[in-house]
Amino acid sequence: MTFTFTGYRRPDGRIGVRNHVAVLPTSVAVSSIAERIAETAGDGVRATPHQMGTSQPDRAREQTEQVLAGVGKNPNVAAAIVLELGTESIDADAIADEVSKSGIPVETLSVRSVGGTGPAIEQGRETATAFRRDSEDVRREEADASEIVFGVECGGSDATSGIAANPAVGEACDRLIEAGGTACFSETPEFIGAEHILADRCTDEETRERLLNRVDQREAQAELMGVDLRGAQPTPGNQEGGLTTIEEKSLGAIVKGGTTPVEGMVDYAEPLPVGGGLVLMDTPGYDVESVVGKVAGGAQIIAFTTGRGSTTGNPIAPVIKVTGNPRTWDRMASNMDVNASTIVEGDSMSEVGGRVYETMAAVADGRRTAAEHRRLEEFAINELQPNELAAEGIRG
Amino acid sequence: MKGEVLGDGVGLVLHADDNVATALQDLEAQDPIDGDTTAVESVPFGHKVALEPIADGDEVVKYGEVIGRASGSIAPGEWVHTHNCESTRGRGDLAEEGVAES
């Protein structure tokens, strides 16, 4: 069953569910300034502050560039400002060129060139305000579910995640894919112990091999460091919530993608296809970075399941919070959008999954999520670590 | 909900092959679980309780899949968690010692 919504048609043909002006800092050095510009320019202007330094090893830098350009190209973005200090190894103009391929207006702003933070904030505010005004003229158009790229995430998992919230979101993924859309889930470390199930669902051998290879790499990283994954996975919070092993966590985690065939697997922040069915993304297990990877890949809406009560959002994509824990729903209702805990009390999966799907439709049509109401806009870019770069080198 | 609910909602068995159930309430010692099995200790909401005897080294099964191995013998009604069930994956510590996982 499809749904329709009124979205924002972009020059490249894709449809946004929000109409933000993005302020993208190329390093931590200008992240605060980006936030200040967004604050002073007012509603609809969103900064993506992050912690990446002004110079990174090549592969790590390329990943940062891919994320920044991808976020700028997300269809929820109407226009973008790429902000630099001017000493970064990342070239702001190159990011701007990449973002402008989607046809939206983009400007760069260099803090050193314009004479420091005062003039930069003032000029950034003027540009953002002008972009904001122009963005009101963007053509609003009716679109249907087939144009939605839906990113699904879990964070602060407990034992209810695998039995209530994740299968409910999985049901919504199945419905979206039946309507012709794309769903994407990620967090490769949380495939460990469940990869055989996903591998059996891959539609072609290449995807299957890629998936198993990526899971091996993530597992090998633990072995390369001579550490025991158990120290970090499941996290102490997961363990307190009843999850004993990574296998148990993974088996509960993968159900959030539903039951359809796995059509492909992309790299962190790589573009996701529109109308692509279920596609995996190779990301770390850190939820904020993982959400950002999918937003950089073009996801317009995120569903985020949490048993223990994570409150995080995203500056560019609305994040729908779904909990399967009745105590979390009672205590933290103001941070949650969908109560999946009624499954534990006997509601059918189709009923609760249907509520997630209806919420997706309403959010696509403009309804604000709990995280949007509270302006919870966490943003972090995954930084490739020396051991990962070394592992890539070993494996070619 | 998928799976079989035990009693009046004390626990949930996700797959017929499972040897553990997920507690849907905070369980106390003596609480009935399934048939003749009663809880032998407290099991918090969301945590696992053994449904049958699990010998040291045997597989612990939930969702019909292996989630780890018993690191000690586990009696029916016992709480199953990190103190008596170990992951077999991502074990860099074992790789270091040259004990390859099976």
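The values are calculated or read from the model by the stated rules, or taken from the named source; none is laboratory data. Being a predicted model, the structure only gives us computed values, none of them experimental. Methodologically, a virtual Cβ is constructed for each residue, glycine included, from the backbone with ideal geometry; neighbour enumeration extends over all protein chains shown.
So, in region B:58-68, of the ones that are modelled with pLDDT under 95 and in a loop (DSSP other than H, G, I, E, B), which residue ends up surrounded by the most Cβ atoms within 10 Å (Cβ to Cβ)?
Within region B:58-68, the match that is surrounded by the most Cβ atoms within 10 Å (Cβ to Cβ) is B:63.
Could you grab me the full set of residues in region A:369-390 that are part of a helix (DSSP H, G or I) and touching a strand residue (DSSP E or B) at 6+ places or on another chain (Cβ under 9 Å)? Steps first, answer last, please.
Applying the first criterion (part of a helix (DSSP H, G or I)) to region A:369-390 yields A:370-373, A:386-390.
Listed by number, the residues that qualify are A:370, A:371, A:372.
Of all residues in region B:58-70, how many are more than 7 Å from chain A (Cβ to nearest Cβ) and over 11 Å from residue B:88 (Cβ atoms)? Write out each step before concluding.
Filtering region B:58-70 down to residues more than 7 Å from chain A (Cβ to nearest Cβ) leaves B:58-61, B:64, B:69-70.
Filter once more, so that each one left must be over 11 Å from residue B:88 (Cβ atoms): B:58, B:61, B:64, B:70.
Residues meeting the conditions: 4.
Is it fair to say residue B:83 is part of a loop (DSSP other than H, G, I, E, B) and modelled with pLDDT of 95 or more?
Yes, satisfied.
Yes or no, residue by residue, for (1) at pLDDT below 95; (2) within 14 Å of another protein chain (Cβ to nearest Cβ); (3) surrounded by fewer than 24 Cβ atoms within 10 Å (Cβ to Cβ); (4) closer than 26 Å to residue A:357 by Cβ:
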{"residue": "A:226", "(1), (2), (3), (4)": "yes, yes, yes, no"}
{"residue": "A:234", "(1), (2), (3), (4)": "yes, yes, no, no"}
{"residue": "A:267", "(1), (2), (3), (4)": "no, no, yes, no"}
{"residue": "A:271", "(1), (2), (3), (4)": "no, no, yes, yes"}
{"residue": "A:284", "(1), (2), (3), (4)": "yes, yes, yes, no"}
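Just checking: which of the helices (runs of 4 or more DSSP H) contained wholly in region A:104-203 hold 2 or more residues that are on the phi < 0 side of the Ramachandran plot and within 13 Å of chain B (Cβ to nearest Cβ)?
Once the helices (runs of 4 or more DSSP H) in region A:104-203 are filtered for at least 2 residues that are on the phi < 0 side of the Ramachandran plot and within 13 Å of chain B (Cβ to nearest Cβ), what remains is A:166-178, A:195-201.
When you scan region A:34-49, how many residues do you find that are buried (at least 24 other Cβ atoms within 10 Å of the Cβ) and of a type outside the set (Ser, Thr, Tyr)?
7
Among the numbered conditions (1) closer than 19 Å to residue A:313 by Cβ; (2) touching a residue at least 40 places away in the same chain (Cβ under 8 Å); (3) surrounded by fewer than 24 Cβ atoms within 10 Å (Cβ to Cβ), tell me where residue A:56 comes up short.
For residue A:56, the failing item is (1).
Tell me which residues, restricted to region B:33-57, are away from chain A (no Cβ under 14 Å) and either in a loop (DSSP other than H, G, I, E, B) or more than 17 Å from residue B:13 (Cα to Cα) (or both).
Matches in region B:33-57: B:35, B:36, B:39, B:40, B:41, B:51, B:52, B:53, B:55, B:56, B:57.
Quick grid of which residues meet (1) under 23 Å from residue A:270 (Cα atoms); (2) surrounded by fewer than 20 Cβ atoms within 10 Å (Cβ to Cβ):
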position	(1), (2)
A:70	yes, no
A:82	yes, no
A:100	yes, yes
A:112	no, yes
A:116	no, yes
A:138	no, yes
A:150	yes, no
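From A:23, A:28, grab the single residue that is under 19 Å from residue A:296 (Cβ atoms), at pLDDT 95 or above, aliphatic (A, V, I, L, M) and surrounded by fewer than 18 Cβ atoms within 10 Å (Cβ to Cβ). Working first, answer last.
Details: A:23 fails: surrounded by fewer than 18 Cβ atoms within 10 Å (Cβ to Cβ).
Residue meeting the stated conditions: A:28.
Might you check whether a residue that is more than 19 Å from the chain's Cα centre (by Cα), on the phi < 0 side of the Ramachandran plot and assigned to a loop (DSSP other than H, G, I, E, B) occurs anywhere in region A:62-76?
Taking every residue of region A:62-76 in turn, none turns out to be more than 19 Å from the chain's Cα centre (by Cα), on the phi < 0 side of the Ramachandran plot and assigned to a loop (DSSP other than H, G, I, E, B).
Within region A:31-40, does at least one residue satisfy the condition of being more than 18 Å from residue A:379 (Cβ to Cβ), modelled with pLDDT under 95 and in contact with an Asp or Glu (Cβ under 9 Å, 6 or more places away or on another chain)?
Taking region A:31-40 first, the residues more than 18 Å from residue A:379 (Cβ to Cβ) are A:40.
If we keep only those that are modelled with pLDDT under 95 as well, we get none.
Within region A:31-40, not a single residue is more than 18 Å from residue A:379 (Cβ to Cβ), modelled with pLDDT under 95 and in contact with an Asp or Glu (Cβ under 9 Å, 6 or more places away or on another chain).
In region B:1-32, which residue that is within 13 Å of the chain's Cα centre (by Cα) and assigned to a strand (DSSP E or B) is surrounded by the fewest Cβ atoms within 10 Å (Cβ to Cβ)?
Going through the qualifying residues, I end up with B:13.
Quick grid of which residues meet (1) more than 22 Å from residue B:68 (Cβ to Cβ); (2) among the hydrophobic types (A, V, I, L, M, F, W, C); (3) within 11 Å of another protein chain (Cβ to nearest Cβ):
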| residue | (1), (2), (3) |
| --- | --- |
| A:208 | yes, no, no |
| A:256 | no, no, no |
| A:262 | yes, yes, no |
| A:287 | yes, no, no |
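Let me spell it out: the conditions are (1) among the hydrophobic types (A, V, I, L, M, F, W, C); (2) away from every other protein chain (no Cβ under 14 Å); (3) more than 29 Å from residue A:27 (Cβ to Cβ), and residue A:376 meets all of them except one. Which number is the exception?
(3)
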